[in-house]
Every structure is written in structure tokens, then in C-alpha cells.
4 protein chains.
Amino acid sequence: MRRRKAALLGASGWIGQHFARLLADHPFFDDPILCAGPRSAGKQLESVWILPEWGPPPSLAARTITSATAASLEKEGVEVVFSALPTEEAGPIETELARRGIAVFSNAGSHRMDRDVPLVIPEVNGAHLDLLRGRKSKGFIVTNSNCSTSGVAVAVKPLLPLLKPREIVVTTYQSLSGAGFPGVASLSITDNILPYIPEEEEKIERETRKMFGSVQDGSYVPMDIAVYSNCARVGTREGHLEAVTLDSKSEVSAEAVRAAWAGFRPLSEVREGTLPTAPESPVIYRAEDNRPQPLLDRWAGTPARAKGMAVTVGRLRVRSKKVMFYLLVHNAVRGGAGGSVLNAELALRKGFLGE
Amino acid sequence: MRRRKAALLGASGWIGQHFARLLADHPFFDDPILCAGPRSAGKQLESVWILPEWGPPPSLAARTITSATAASLEKEGVEVVFSALPTEEAGPIETELARRGIAVFSNAGSHRMDRDVPLVIPEVNGAHLDLLRGRKSKGFIVTNSNCSTSGVAVAVKPLLPLLKPREIVVTTYQSLSGAGFPGVASLSITDNILPYIPEEEEKIERETRKMFGSVQDGSYVPMDIAVYSNCARVGTREGHLEAVTLDSKSEVSAEAVRAAWAGFRPLSEVREGTLPTAPESPVIYRAEDNRPQPLLDRWAGTPARAKGMAVTVGRLRVRSKKVMFYLLVHNAVRGGAGGSVLNAELALRKGFLGE
Amino acid sequence: MRRRKAALLGASGWIGQHFARLLADHPFFDDPILCAGPRSAGKQLESVWILPEWGPPPSLAARTITSATAASLEKEGVEVVFSALPTEEAGPIETELARRGIAVFSNAGSHRMDRDVPLVIPEVNGAHLDLLRGRKSKGFIVTNSNCSTSGVAVAVKPLLPLLKPREIVVTTYQSLSGAGFPGVASLSITDNILPYIPEEEEKIERETRKMFGSVQDGSYVPMDIAVYSNCARVGTREGHLEAVTLDSKSEVSAEAVRAAWAGFRPLSEVREGTLPTAPESPVIYRAEDNRPQPLLDRWAGTPARAKGMAVTVGRLRVRSKKVMFYLLVHNAVRGGAGGSVLNAELALRKGFLGE
Amino acid sequence: MRRRKAALLGASGWIGQHFARLLADHPFFDDPILCAGPRSAGKQLESVWILPEWGPPPSLAARTITSATAASLEKEGVEVVFSALPTEEAGPIETELARRGIAVFSNAGSHRMDRDVPLVIPEVNGAHLDLLRGRKSKGFIVTNSNCSTSGVAVAVKPLLPLLKPREIVVTTYQSLSGAGFPGVASLSITDNILPYIPEEEEKIERETRKMFGSVQDGSYVPMDIAVYSNCARVGTREGHLEAVTLDSKSEVSAEAVRAAWAGFRPLSEVREGTLPTAPESPVIYRAEDNRPQPLLDRWAGTPARAKGMAVTVGRLRVRSKKVMFYLLVHNAVRGGAGGSVLNAELALRKGFLGE
């Protein structure tokens, strides 16, 4: 297969470097051109590396970060751009890239709710990508969801037909890396919890509804479901833990819920093994009393390329029509860089990235 | 007023030492006889002191811990026993003390659901103490509630008439001290969350229902309300944070909820200022975006004797019939030692501790 | 006594707010005019309060922060300025204030090594203040030492006559608040240690030598002693732990070292009790195996105004001519705001702040 | 090569499971028989697994833990035993195993200072193994050093010829896992440091001296060097940070020190690549200002089998005859299980484990 020429925006940030990790030696994409703001431009990736648990990928470590523009990326023939830009900067830049015919896969929040932008988790609503078929331009924007939302969407999607829930209550224990780097001050969080993450609760509702919704007449119709959430920051490094409570329309058993998760193989329509970053099981159920835990489950997912892409669920309790469980999602992988990489892989397989 | 002769069981543990702090120089009770198991008996309190934020109270520091029995305590004329015994030991010992005519105020879980034992938070169901009137013996057991439960009960009680909720969903972020000392291994919780605390969720439901219930024909009738909860341990030292979601029977405004909290002065029937450990405002509402926080709000409560006895609420969000907020309760004070001290103060005022 | 009119620069920072705490209702100084940069000016102190363990002092909470200049402070008749400015800003501002006849007590590093600026810890080198006698102007600058240095200086000063050491080796475990707020990113320090604090090791040597030195012919002659140090940041909130190794000139016993600490009452020349922020015992020796600890010893010091002003020492080991121990100093109090408040108290007592 | 039949004692503990990780699929040894005390015997390894960052090795996960005796292990033909027993239990068991002709490689402290037991780090004093040549019995005990000691020994060994130091001052920042599991209570260490680890300082001195010593007339003659240390526990998960100060006999340059580390290839006498757990570079020098850090450097070492076996050094400062630096050693790998595995590999290569 021809590797697409790729670039990465925001290569100096926490999510940006997870992108760099995941895109190095990727079978579908060239090692990306690395772009970042003026403080990092001109430096080698390894000299601005901030992910402590991972060194810079060998194939990218010595690559110099540039301060490219949409025009220069177009000129260089870039076909795919991964965007780890901060939401407050991403909007017009991503629009301009798409206008120039480039496919943009973005982690930023700017365009997630745009009428013509698919907000996609392949296992949840991969079909939403098909809205791109009609368009005239070659360029487009596809976004992944908010980090907390991605956990809810992946874990609840297989339960929708079974439970037909009218509402979801989510309470989060979000890790430090969700705020980027430098992010949360150590004096704010040591021996403490911050029960407020600006706009997070709104995002969880509106993004879940959009992804669970349908496409009608070329636009998205959100699902009619209420999503209430309480979002707090705790002092873990990576991996968001979330407590989920669902109201089932009718009585249901714990066995049925577990079976729905176990049978969830939504990418089987795509030929087996062809999305390198897709985990074999998007949802992993742990039967132990005290799982999932950030320390043990944040890197769930096989094969190796899909580490951190599986959502772990556990502590399932079903009482009459109430279904409760905990989930753990790697916020920076499944809920961040990995989400967009997987979107790009699906888009390529579906033919949206040219021949 | 005559000070009652008091003893403290479990003086070497985390909750036991919070008791010692609160009982030192107490206007209603003599400095307590300190009792503990064989590892601590014979030692001075200061030599087994484990609360780092507090030194041992000067009046008790040099007092020797003994290994008293129910019989020896009766012989010494002890009238009031405060019990910080582990639940697995407390049961028969407390029963024996009550049988010998001693009033027992216990933090242990053993007797909380007993038919003839009041489970009391003075501001929530102080009237439940009146069940003690009919009894023949002078001795009895009164318990405080589980630490997480105490936060829910105090914060939700003032809202019951307004919301008439059918169910409560609670998700907790419980601090390390809730597991006592040594409690949670540091390797289990550093950079981690443990989404399971044995039996905690069951306790929150059954204890809330008992305390919100009524007394009919001399026994407790639990309130018909469902309490669902998800309980997790996080790495904070003290103070449980809890996210609460309530379904209101009819539409309600945030103003009305805040007014219900602000107007909550349930101990006004007791003469002003006569319960030394009672906080002026049992529920403190914080209007800031990001409160309550363990580090900032764990010691809420005035006057000085009531530090840690107020429950702080914040982040109130009301959407149609859904009411959501966070609360912070000091698990070891309001939800532990302080709860039982306040119970004893109320019992004394109500005349249950003799003349 | 006439209270001196005071102002506080840097009132929105971590050290600045420790100053505010210590200066509220101070017997020697008026509640200070609060000054800070443009982000905080115009706001009330309570709305920018950042010290979680302490609320804003009641008498200052509602006071509005201003953006005063040296000229405006002079005009308002301010006699004493406490400076919690960042070192990179403090230099010219403090010089200008002194030029205008104002006494400046500064925590900033800018002027500490200036030839004509006393760098003072009253218990260590209070006599250095006397250098101010000869000067023409009413204004001057007095600085406290670096936070780590203050611990070494207070703990080692009483041992100098006994040990006559030629060198000191210090290794630090410095708390988060030493870097101010927001300071250290949580992702940098959670499950980590940062073995580098820019310029800290240089400061410890040069400041210790200056404070241990003498005044000859109106200028400071540093002590001829080598101070080697290794400085690291760990994840504690407040209180610097330091391991100290000294070479004694001759054989010495642990008893003699303990006696030197116990007999250290350097402010007895000042009339008893007249420096409100001075701790009764500047050095507190703990005989337990495992002390000092940040959590237990950071607030050491009596009376109440001197909490955090005592340096705790422990784990003394003497082997032939080698003396080793740990110390704990509250970096933001003894090693910060409290240090300068104590300097101002001494300066007033010595007559440098007018009649 | 014939794989030796192996067993692992203490398979349920923290160090034991690092052994299990390192011994799974080892080219020199059969997957070990897993042994542990009565609480774990009869269970599968995966059901008692406690290392969160690692799952149980696939080849051992389902293996049942047994409660073997020395006699039963001999009967089964076990040739090599790895011991992760607690020091208070290991002594007589290991002696009995050796007596029965089994080669014991132990992490326990019991026999480290025995006259006839080599205390070995292959890169430091691999030649000490040769003392085993003379013995009659096939069985013997070889121990690895204490975890903190191993860092000092590896980092200082290459500097001995250059500096000829008379004394070493070491101050440690030791991680939680150094105390095993459950080890340190979270309430003891959260927002705290514990400046005392029983007997650690004594071990660092006596073990360093033994390993740096020589073999004369069939017994060990310790090096005449003083090793002073201050040992403290901090809240990091794994990896001990240590500050080292050395007195050089004569003036030395930083370049010379770096060159000594860079040229340190002590296992070149053993044929290249033949000790699978040996790191290519036992000492890795990092030139950055702020290295080594536990989070970034604990897993240093290549190839994959040697992860955690390299000691990282940095922040080198040389002033006249004083040499100072920080080191980071993975306490449970280089300073624990990995140390003994490497010892066994060397013993096999040297012919002490039979043909």
C-alpha cells in the first residue's frame, strides 16, 4: 500500500507526542512532518520530549520540528494532517487545511459539533464517515471525541440495543494528563481533588448524543438520550476512571450485559486486521472485584499497536432496571491521539484518502 | 453541669485518636479512660500517636492506655463509652457494655442496623434517640453512620421536602484515612484509584434509608428510597468527596435548593449553643466553580470544636428534575468520631445520660 | 508601641500570602497595604487566595489589592515594605523603595549578596543588622536567606563552636511550595523526583558563608567554610527536609551536639518575648528514630505566632569526627515570609524603624 | 546449552515477581518452580500477582505455586534456586539448600556478610565468585547486594582508580517498592518523607566495603573506605535516587570522571553478549541538567532483557577534589531480582552450575 504523506501539528504537547509515538513507523502513513509553535520550532523532537514513560520514537527523535503553515504543507504534498493543536487555536487552521484539500484528523474540540464534520469512534459510529462521500472537495475534517466521552461511548454502545436507556449518569476520576502539559499545578492536586473541569460535562453529553445519533439527509441527528455527568480531576498520571449508571428500559441481567460486551466486534465489517491501531476487543471486561484500575488497565489492548485503545469495564452491578459499572479509558490514547489515528486508518480503508 | 465519666475503646487507631482529640477537655465528659488492644496497652498515648496533622492532646498525651473489660469499666463507674473498635470486634463488647448499664456511642458497623439501636446524625434524625425512652435498662448503644453515608445524609436531608426524590445516585472519592491505619498500601494507591470498598455501597443505601426513615410503634421504618452508589478509594489523606445526583419529583430551581440548605438549622430545638460539637451551619454551600475540595474544605465548621463537622456542598447543577452536586465530608470527624461525640452530647441534653 | 505603616509586595503569590497571614493583626505593624501585579490588582485578597491549608486572614480578606509604585507608597507614608516579589523583578523596585527612605524586608534573592545589604536570620547573625547604623539614609534593604539555607544555618549555627567544621555536605528533599505557585507541574513530579533546582546549590553555599561570617570595617567577611549541596524537588506540599553531614575538627559526642542545640537561645539578648514571631526554641531535637518528617514537623514552633519558625532536627549520628543528622524547615515560613517578619521585628527593636 | 532446572522462593512478593518476570523464558534456566508460603501455595501465579505495571509472564501465569521444602526441591532435581525470601526467614532455608548441593542466588540479607558467601555484582566484583572454586560441595550461596548499595557500587566502581577516595557520603531517596508489598502505609507517606530505613545505612557501608574489597587466602578483605549514608523513603513507586559525594585523593576533572564511566565495560572478559541480563552499558551518563529521574530512568538498560539493569548517573559536579553526582538505580531489578539473575548467569558461564 502507498503510504500517505503526513504531518503532525502540536508535536510539542502531551497529546502531540502520543501521536508521534503512534505514527512512527506506521504502515499507512509516512513518518510525519513535525510542526509546533515558535518555542519548539527549530528544535529536535527529542529535545522537547515530555512523555516520561516513553522515549521519543527512534525514527523521529532527531527530526527537527518546523513551524509550517497550511500553504507550506499543501506545497509539500501533505495528504493527511493529524492535529493536536489546542482547541483555542485549531479552528481556523484546520478549516484552512481542509480547504486546501488535506484530510485533517483532529483531537481538538473546535469542530466536533460542526454540522459537516464527522465526530467518530470507528467502533461506535464508523459509518458517520460516509457523510464525507458526497462532498466536492478532497479535504475534510474528522475529529475524535473528548477523552472522557470516548470511554462512555465505547463502553455503552454495545449496550444500547439491550438496555435502550433514556439517560446515562457518568462521574469521572480524570487523570492529570487530560489537562495537557504543564496542566495542573502540583500544589493544586497533591492531597486534593478538583471537582470541576471547564465544559467537560457539556462535552460528554453533546458528543455522546452526536456519536450515538444517525445520519439523515446528509446531516447528523443526535440520539435522544440525556447524559448527566460530574467531572473531577484526581492525581493519577494517565487513564480516566468513570462510574457509569444506566437506566434500562426493561429488566436485564448481568449475564446479558456481559454478553453484549463480549460480542462487541464492530469492525468485523472492515477486513480482519487491517486497522493497525484497532484493538482486538474494544471492550475488555474484568471479573475481579476491584477492577478497572488506572495503574493496571490504562494500557489495555492488543496487539502491540493497540495498547491503550481498549476500554476496560468492571464492577458490573445490575439491580432491576439499573445497570452500574466502572470503566477505564486511556485518555491520551483511545481518548486522544490513538482515536484520531484509528479514524485515519478507517478513512483510508474506506477510500477517503485517495488511491 | 456534672461531667460524665467516660472511656474510649480503640484509642490506638485513626478514628480512636480523632475521638481522643475531640474528647480532651470536653465540657460534658471527663477526659476518657483510654483503652486498646494488647499491642498498645501499657503505653502512653503519645507513644502510639498516629495522626500526623495533630499532636496528642496535652491533657491525654501522657495518659497510659489500658486493656479494660466491660466489667472493669462498670466497676470504675464509667457511664459513657465511645467505641472506635473495628467492626469485627465491636459487636459483643458493645452489647455487654450496654447490658451493664453503660451508654455506648459507637463508630463501629456491628449494631447499626439492629432493630433497637438508633443510628443517628443529630441534624438528620436526632428524634430517633427518643426510641430509647421506653427501655428498662440504663445502658444502650447509639451508633453514628458510615463515613460516606454521613455526607449524603446531611446534605440531602434538607432537600427531601423540596425534591421528594425516589432515588439517589452517589459516586465517591474516598480518602485514605477511611480505611484506617495502616490501611491502604502505598504501592496500591500511588498513581492509582481502587474502585471497590467492600460493603460500602450496601451501607450507604441501608443506613441512609434507616436514618431518613420514621419510628413507628417503637421500631424503625426505613424510608422507601433507592440509593445507588459507586465507591472508590483515591489518594487523598482525609475527607470524602462525593458526587450526588437526585431525581426531583417536580421541577425545581437551583435557588430553591440553595435556600433549603441555607435554612437548615435542625438543632434549633435544642437550646442554642448547647451541643459543643455541633457546627453552626451543618451544610455550607460554596458558590465557587471548583468547590468543595478535600484540601480546602475538610475542616469546615465553626466554632472551633466543630471543625470538620460541617458538610460542604457545591457545583450545584439543576436541569429540569435532575439535581446534581458535589459534597465533601470529613470522614473521620463528621463521618466518624465527631459523629458519635455529637450523638453523646445530644443524648445527654435529652436526659439519657442520667442527672 | 506605635505600629509602623506597612505594605506587602507580591500579595498574590505563595510566599506573599504567608506574609499576609503572619502580618494580619501583628502587634508591631499595621495590617499591610496589599500590592500585586496587574492580574490581581483591583481584586480582593480572598478572591485570589491560594493557600489551601489556611483561609485568608479575616482582617485582610476583603481588602483590595493595589498596584502601588515606590512613589505612591512613599506618599502614603509607608515605613516598612515586605517584599515577596519574584527575584527577577525585585531588584530595582526594592532599591528604589530604600532610596525613598523605606525599610524593605525582602524574601527575594536579588540583593542578598549585596555588599551593603544584611542577609539575616536573627538567631544566626542578628548582629549583622548593626551594619545599618552608619548609613545616612533612613531607607535600607534587609533580606532573609534562601529557604534551604535557612534550615542549614539555624541548625548548624549552634554547632560551630563545638565542631569547628571545615565543610558541610547538604542534600535536600525540597517541597513543592518552594517553587511557588503554580510552580511544578503535577505531571513532572507525580511518582517522580527532580534532582535539580536552578542555582539552589550556589545559594546555599554563598548565603551560609555570608551569614556565618563577620562584619569587619563595615562590610561582610564570609566564613571560610565549604558548603557542598545536592538539591532535589520531591512531591511534598510544604517543608524542606535536608540531610546534613559535618566534619568536626576534633572528636565529639552525640551528647555534646544535643547539648549545643538545647542550649541555643540566641535571642535572649533581646528582651524576653519581645519578638512575636520568634520561636521559644529555634532548634527542636526529636529523639525518635524516624523524625523529622514534613507532615509532622513542618509547623513546629511555639508560641502560636511562631508556628513554622522552629527547625526540627533528628536522626543524629556521630561517628568519630563525622556528625550527621536530618533537619526539617518550613520553607515558606522560617525560610520565607516568617524569616523577613522576624527580621523586621528585630530591626524595630534595635531602633532601625524610627521611634 | 542445557537449561538448568530452577526454582523460585518467595514468588508471591514484590521482588519474587520481578524474579518471575526475568526468569520466564530465560535461555539459561527452565521456567522456575514457584514456591511461596501457605497463603499463596496452591494458587496460580496470576491470582496472586501484585506488580501493576507488568502482568504475569504468560508462560508462568497459570502455574501453581507450591510450598516446597529443601528436600523436595532436591528430590525434583532442582539445580538452581532463586531466593526472594524475607531476610528473617531466608537464613536456615538457604543454608539447607546449599548443603543439599543446590546453587542458591539470593536477594535476602541473611548471608550477605558470611565469610564464605560471595556478595556479588558481576560488573563490580565478578571475580569474587572464584572463591567458590575451592569448595567441596556442589551447593553454595551467592547473594546480591542491598538495593541502595547496588547503585553506589556500580556507579562508584569505575571511579575508584581515578579518585582513590577515602570516603563516600550517600543520601538516598528510596522508592516505595524497596519496602516490599504491602510495605509502607499510604497514610505514612502521602505528602511526607520518612527519614529512616532500619539498618539500611549500616548495609550500605559494610556491603560496599565487602564488594570493593579483595580476596586473600580464600576470604574477603573489605576495602578500607568509609561510607556514610542518610537513607529516607519518599513516595515514588520504583527506582532509588541517590546523591553521592566523593573525596578524590587528587585534583580531578569532570571530563575524567565521565570518561571513566564511559569506558566501564567490565564484562568484556566474559564473551560478548553471553550474559542475557547484562546491560550493554552498566552506567549511563545523562548530560541534561535534571537527570536522572525515577520516572524517566528507572527502566534504563539495553537490550530488552536488561531493562532496569543500568544505573543512570547525572548532575556531575566536580570542585577541586570533591566529586558530586546523582544516580538512579532500579531497586527491584538491578538492586534486587535482576542482580541475582545476573549472578546466576555469570556463575553458569564460569562453570559453577555444572556441565
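So which of A:188, A:229, A:219 ends up being touching a helix residue (DSSP H, G or I) at 6+ places or on another chain (Cβ under 7 Å) and over 20 Å from residue A:123 (Cβ atoms)?
Numbers: A:188 fails: touching a helix residue (DSSP H, G or I) at 6+ places or on another chain (Cβ under 7 Å); A:219 fails: touching a helix residue (DSSP H, G or I) at 6+ places or on another chain (Cβ under 7 Å).
Matching residue, one of A:188, A:229, A:219: A:229.
Look through B:349, B:317 and report the one residue that is touching a residue at least 60 places away in the same chain (Cβ under 8 Å), of a type in the set (D, E, K, R) and more than 23 Å from residue B:245 (Cα to Cα). Before you say what the answer is, go through the steps one by one.
Numbers: B:317 fails: more than 23 Å from residue B:245 (Cα to Cα).
Checking each option against the conditions leaves just B:349.
Count, please, the residues in segment A:307-337 that happen to be part of a loop (DSSP other than H, G, I, E, B) and either crowded, with 24+ Cβ neighbours inside 10 Å or more than 14 Å from chain B (Cβ to nearest Cβ) (or both). Lay out the reasoning, then the answer.
Step one: of segment A:307-337, the residues part of a loop (DSSP other than H, G, I, E, B) are A:307-310, A:320-321, A:330-336.
Checking the rest, the ones that are also either crowded, with 24+ Cβ neighbours inside 10 Å or more than 14 Å from chain B (Cβ to nearest Cβ) (or both) come to A:307-310, A:330-336.
The total comes to 11.
Could you tell me whether any residue of segment B:78-87 is among the β-branched types (Val, Ile, Thr) and more than 23 Å from the chain's Cα centre (by Cα)?
Looking only at segment B:78-87, we keep the residues that are among the β-branched types (Val, Ile, Thr), and these are B:78, B:80-81, B:87.
Filter again for more than 23 Å from the chain's Cα centre (by Cα), leaving none.
Checked against the condition, which is being among the β-branched types (Val, Ile, Thr) and more than 23 Å from the chain's Cα centre (by Cα), segment B:78-87 yields no hits at all.
Mind checking whether some residue in segment B:127-141 is surrounded by 24 or more Cβ atoms within 10 Å (Cβ to Cβ) and of a type in the set (A, V, I, L, M)?
yes
Which members of segment D:174-196 meet the condition of being within 17 Å of the chain's Cα centre (by Cα) and more than 10 Å from chain B (Cβ to nearest Cβ)? Give the steps one after another, and end with the answer.
Residues of segment D:174-196 within 17 Å of the chain's Cα centre (by Cα): D:174-180.
Residues satisfying the conditions are D:174, D:178.
Do we find that residue B:236 is over 30 Å from residue C:236 (Cβ atoms) and of a type outside the set (Phe, Trp, Tyr) in this structure? Explain how you work it out, then say what you get.
Numbers: over 30 Å from residue C:236 (Cβ atoms): no; of a type outside the set (Phe, Trp, Tyr): yes.
For residue B:236, the condition - over 30 Å from residue C:236 (Cβ atoms) and of a type outside the set (Phe, Trp, Tyr) - is not met.
Being closer than 27 Å to residue C:118 by Cα, surrounded by fewer than 24 Cβ atoms within 10 Å (Cβ to Cβ) and not β-branched (Val, Ile, Thr) is the filter here, so list the residues in segment C:223-237 that pass it.
Within segment C:223-237, C:223, C:224, C:226, C:228 meet the criteria.
For segment A:213-230, state whether one or more residues are touching a Leu at 6+ places or on another chain (Cβ under 7 Å) and within 23 Å of residue A:333 (Cα to Cα).
Keep residues of segment A:213-230 that are touching a Leu at 6+ places or on another chain (Cβ under 7 Å), which gives A:215, A:218.
Filter again for within 23 Å of residue A:333 (Cα to Cα), leaving none.
For segment A:213-230, residues touching a Leu at 6+ places or on another chain (Cβ under 7 Å) and within 23 Å of residue A:333 (Cα to Cα): absent.
Quick check on this structure: which one of B:301, B:354, B:336 is under 21 Å from residue B:235 (Cα atoms) and small (Gly, Ala, Ser)? Full working, then the answer.
Details: B:301 fails: under 21 Å from residue B:235 (Cα atoms); B:354 fails: under 21 Å from residue B:235 (Cα atoms).
Result of the check over B:301, B:354, B:336: B:336.
Using beta carbons and a limit of 8 Å, which pairs, at least six apart or on different chains, have the first residue in segment D:150-165 and under 14 Å from residue D:225 (Cβ atoms) and the second one among the basic types (Lys, Arg)?
D:163/D:249; D:164/D:249; D:165/D:249
Kindly indicate whether any position in segment B:342-355 is within 14 Å of chain A (Cβ to nearest Cβ), crowded, with 24+ Cβ neighbours inside 10 Å and under 16 Å from residue B:150 (Cα atoms).
Of the residues in segment B:342-355, the ones within 14 Å of chain A (Cβ to nearest Cβ) are none.
So far as segment B:342-355 goes, no, none of its residues is within 14 Å of chain A (Cβ to nearest Cβ), crowded, with 24+ Cβ neighbours inside 10 Å and under 16 Å from residue B:150 (Cα atoms).
Restricting to segment C:140-154, name every residue that is not small (Gly, Ala, Ser) and not in a helix (DSSP H, G or I). Steps first, answer last, please.
Of segment C:140-154, the ones not small (Gly, Ala, Ser) are C:140-144, C:146-147, C:149, C:152, C:154.
Scanning segment C:140-154 gives C:140, C:141, C:142, C:143, C:144, C:146.
Might you check whether a residue that is at pLDDT 95 or above, closer than 21 Å to residue D:176 by Cβ, crowded, with 24+ Cβ neighbours inside 10 Å and within 14 Å of chain A (Cβ to nearest Cβ) occurs anywhere in segment C:161-173? I'd like the intermediate steps shown before the answer.
First pass over segment C:161-173, keeping only residues at pLDDT 95 or above: C:161-173.
Retained after the next criterion (residues that are closer than 21 Å to residue D:176 by Cβ): C:171-173.
Retained after the next criterion (residues that are crowded, with 24+ Cβ neighbours inside 10 Å): C:171-173.
In the following step, the residues that additionally are within 14 Å of chain A (Cβ to nearest Cβ) were identified as none.
So far as segment C:161-173 goes, no, none of its residues is at pLDDT 95 or above, closer than 21 Å to residue D:176 by Cβ, crowded, with 24+ Cβ neighbours inside 10 Å and within 14 Å of chain A (Cβ to nearest Cβ).
Just a yes or no: is a residue in segment D:69-87 more than 19 Å from residue B:187 (Cβ to Cβ), in contact with a strand residue (DSSP E or B) (Cβ under 6 Å, 6 or more places away or on another chain) and within 14 Å of another protein chain (Cβ to nearest Cβ)?
no
Taking the conditions exactly as written (buried (at least 19 other Cβ atoms within 10 Å of the Cβ), aromatic (Phe, Trp, Tyr) and under 21 Å from residue C:87 (Cβ atoms)), does residue C:220 satisfy them or not?
Values: buried (at least 19 other Cβ atoms within 10 Å of the Cβ): yes; aromatic (Phe, Trp, Tyr): yes; under 21 Å from residue C:87 (Cβ atoms): yes.
Against the criterion (buried (at least 19 other Cβ atoms within 10 Å of the Cβ), aromatic (Phe, Trp, Tyr) and under 21 Å from residue C:87 (Cβ atoms)), residue C:220 qualifies.
Can you confirm whether residue B:255 is touching a residue at least 24 places away in the same chain (Cβ under 8 Å), surrounded by fewer than 16 Cβ atoms within 10 Å (Cβ to Cβ), more than 21 Å from residue B:204 (Cβ to Cβ) and not hydrophobic (A, V, I, L, M, F, W, C)? Before you say what the answer is, go through the steps one by one.
On the way: touching a residue at least 24 places away in the same chain (Cβ under 8 Å): no; surrounded by fewer than 16 Cβ atoms within 10 Å (Cβ to Cβ): yes; more than 21 Å from residue B:204 (Cβ to Cβ): yes; not hydrophobic (A, V, I, L, M, F, W, C): yes.
Considered against the rule, which asks whether it is touching a residue at least 24 places away in the same chain (Cβ under 8 Å), surrounded by fewer than 16 Cβ atoms within 10 Å (Cβ to Cβ), more than 21 Å from residue B:204 (Cβ to Cβ) and not hydrophobic (A, V, I, L, M, F, W, C), residue B:255 comes out as no.
What are the residues in segment D:150-160 that are crowded, with 24+ Cβ neighbours inside 10 Å and touching a Gly at 6+ places or on another chain (Cβ under 8 Å), if any?
D:150, D:151
Looking only at segment B:272-294, which residues are surrounded by fewer than 16 Cβ atoms within 10 Å (Cβ to Cβ) and touching a residue at least 24 places away in the same chain (Cβ under 8 Å)?
Let us first name the residues in segment B:272-294 that are surrounded by fewer than 16 Cβ atoms within 10 Å (Cβ to Cβ), namely B:272-274, B:280, B:287-289.
Residues satisfying the conditions are B:274, B:280, B:287, B:288, B:289.
The values are calculated or read from the model by the stated rules, or taken from the named source; none is laboratory data. Everything numeric here is computed off the predicted structure, so don't read it as measured data. Virtual Cβ from ideal backbone geometry, glycine too; neighbours counted across all protein chains shown.
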